[in-house]
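Q: Pasting a structure below so you can have a look.
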Amino acid sequence: MNAAEQAAAVRAGETSARELVAASLAEIERRDGDIGAFVALCAERALAEADRVRAGDPRPLCGVPIALKDLLSASAGLPTTHGSRALGDWIADHDTHHVRRLREAGAIVIGKTNSPELGLRPVTENARYGATRNPWDLRLSAGGSSGGSAAAVAAGMVPIAEGSDLGGSLRIPASSCGVVSLKPGRGRVSIGPDFSDVALGAGVDGVLTSTVLDTATALDAMAGYEPGDHHWLAPPAVPYVQTAQAPADVRVRVRVALDAPFGVPVDDEPRAAGERAAGLLAGLGHDVAERAPAWDDDGFPPAWSTFVTGALQHIIRVLERLHGRSIDPDGLEPASRAWLVDSPRVELVDFLEAHEYLGAFSRRLLAGWEPDVVLLTPTLTRLPAPAEAMSAGAGVTDDALRFSVFVRIWNVTGQPAISLPLHATPDGIPVGVQLVAPPGR
């Protein structure tokens, strides 16, 4: 059952929250030895919480087991390691705001999922916990950096898993594993209380699920202003669940871009996925036409590289303060250390200038974006990478560019973007399609 069905069954007294949590833990025991999605479990706490959920519980996620990505997001009593040995195991005494909201909605956290060290790769591999493999083909990566969460959902271990996205880290594994993931618009989900404005709003928290309805349910729970948020959006006029269950009978203009920006090649299957989705939308009566946004800008790649490097160097400082200890450079993987510790610090003015350049890029791109236009692209330019093939690389590498070129732009503009599992190769490997909405929608 998906999350909505599980909550409905608990509410109706057809099953218990304990049965759901026990089934989830059993599936992890059965499958995760091969996949490597989880790095920590809190089985006793989860079962105890489940025992307190009763039939008739009105909460939208009552009794639903969920997982959290082991990067930045905290839950009281659970370790957070960021996929690294360099900062030890931080045990929070509180929940991150959006985790608290999910739990208030009835969700039960059962554990933490794998992430590349500090979220630095588009695949989920690290020296501390190893690789997370794709449930559809164990020879392939689950993608990253929210790969553990994507694999956990794709394998049926949990119906919802939390993740984060600074340059595609929700949508890359969603496409690789054949699940749904929305990168919410900037300001839709709070990053507090542990983080104020890291990455200046480019990083966003969201979930990976098997259905759009589950994504809507989780977003209704997670979204909302928290005191001190630097970026926030007013609540939608209609709850996301209502929109997902009874979408308005309207036609929108869909603009299709099958060629990636900056001349990055697009493989045949992702292109076919975009073409197929465009055909489906045209068949539903939408106004579909090929037209790429104004996204080719020679200054974007160097500005992005400077911005991301500076943001991640800053995140290390934030984590040191949060954990109450200095990072151990020898505990970092060589590629991570080379990029973020041994390389020169990004100067403050250079960082701010890169951010300003990306802001100007956003203004130019969005100046021509009309309120009712949705953009359709392949989520990725390529199929999932072989597992453990990219363990040595970190940074804005050519391999990382192949994964992120269709997705990172919307972290810069702040627009909501969703990856949907609308295609597969003849061998059954999922291929995602991305839809990008106007700002604030």
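The values are calculated or read from the model by the stated rules, or taken from the named source; none is laboratory data. Keep in mind that what you see is a predicted model, and the values were worked out from it rather than measured. A quick note on method: Cβ atoms are made from the backbone with ideal geometry, for glycine too, and the neighbour counts reach across all protein chains shown. To get the accessible areas, we keep the full protein, side chains included, count just its heavy atoms, and leave off ligands, DNA and RNA. Shrake-Rupley method; radii C 1.70, N 1.55, O 1.52, S 1.80 Å.
Q: Ignoring everything but the protein chains, give the 1.4 Å probe accessible area of Asp229 in square angstrom, nearest 10.
A: 30 Å²
Q: How much of the accessible area of the chain, in percent, comes from carbon and sulfur atoms when a 1.4 Å probe is used?
A: Working: 9200 of 17290 Å².
Accessible surface attributable to carbon and sulfur in the chain totals 53 percent.
Q: Ok, one more. Where the convex hull is taken over the Cα atoms of the stretch 105-183, what is its projected area averaged over directions, in nm²? Provide the component values of the computation, followed by the final result.
A: Working: hull surface 20.6 nm².
Mean projected area of the Cα convex hull: 5.1 nm².
Q: Still on this model: What does the net charge come to around Thr81 if you take all other residues with beta carbon closer than 12 Å to its beta carbon, with K and R at +1 and D and E at -1? Numbers along the way, then the final one.
A: On the way: positive: Lys69, Arg85, Lys112, Arg128; negative: Asp70, Asp89, Glu117.
With Lys, Arg at +1 and Asp, Glu at -1, the net is +1.
Q: Which value in Å does the Kirkwood hydrodynamic radius of the chain take, with 1/r averaged over all unlike C-alpha pairs and then inverted? Could you put the intermediate results ahead of the total?
A: Details: mean 1/r = 0.0463 Å⁻¹.
For the chain, the Kirkwood estimate is 21.6 Å.
Q: Counting only other residues whose beta carbon sits under 9 Å from that of Val266, what net charge do I get with K and R as +1, D and E as -1?
A: Working: positive: Arg271, Arg382; negative: Asp259, Asp267, Asp268.
Result for the neighbourhood of Val266: -1.
Q: Also, I was wondering about something else. Can you tell which of Ala17, Ala389, Ala367 shows the greatest fluctuation in a Gaussian network model of the chain with Cα springs below 10 Å?
A: Of Ala17, Ala389, Ala367, the most mobile in the Gaussian network model is Ala367.
Q: Could you give the nm distance between label points at Arg251 and Met1, where each point is 7 Å from its Cα heading toward the beta carbon?
A: The answer from the label model is 4.0 nm.
Q: Keeping every protein chain present and rolling a 1.4 Å probe, give me the accessible area per residue for the stretch 102-155 in Å².
A: Working: 1140 Å² over 54 residues.
Here the per-residue accessible area is 21 Å².
Q: Separation between the Val341 and Ala55 pseudo-spin-labels, each 7 Å from Cα along Cα→Cβ, expressed in nm?
A: About 5.6 nm, to one decimal.
Q: Roughly how many whole Å is it from the C-alpha centroid of the stretch 65-144 to that of the stretch 234-311?
A: If we compute the Cα centre of each part, the gap is 27 Å.
Q: Hey, what do the phi angles of the stretch 189-202 turn into as Karplus ³J(HN,Hα) couplings, whole Hz, using 6.51/-1.76/1.60 and θ = phi - 60°, x for Gly and Pro?
A: 10, 6, 9, x, x, 7, 10, 9, 8, 4, 6, 6, x, 6
Q: Here's another thing I want to ask about it. I'd like to check one number: the per residue accessible area of the stretch 301-441, probe 1.4 Å, reported in Å² as a whole number.
A: On the way: 6160 Å² over 141 residues.
Value returned for the stretch 301-441: 44 Å² of accessible area per residue.
Q: Measuring from label point to label point, each 7 Å out along Cα→Cβ, what is the Val349 to Thr425 span in nm?
A: 4.9 nm
Q: Further question on the same structure: May I ask you to compute the full-extension gain from Glu388 to Asp287, defined as 0.36 nm times their residue separation minus their alpha-carbon distance, rounded to one decimal in nm? Before the final figure, lay out the partial values.
A: Working: separation 101, 0.36 × 101 = 36.36 nm, distance 4.21 nm.
Once the chain is fully extended between Glu388 and Asp287, it gains 32.1 nm.
Q: Work out how much length Asp267 to Val238 would gain on full extension: take 0.36 nm times their residue separation and subtract the Cα-Cα distance, in nm to one decimal.
A: Full extension of this stretch gives 6.6 nm more.
Q: With Kirkwood's inverse mean 1/r over C-alpha pairs for Rh, give me the Rg to Rh ratio of the stretch 253-305, two decimals please. Write out the running numbers ahead of the final one.
A: On the way: Rg = 13.5 Å, Rh = 12.6 Å.
For the stretch 253-305, the value is 1.07.
Q: Additional query: Express in whole angstrom the spacing between the alpha-carbon centres of the stretch 401-440 and the stretch 173-190.
A: 9 Å
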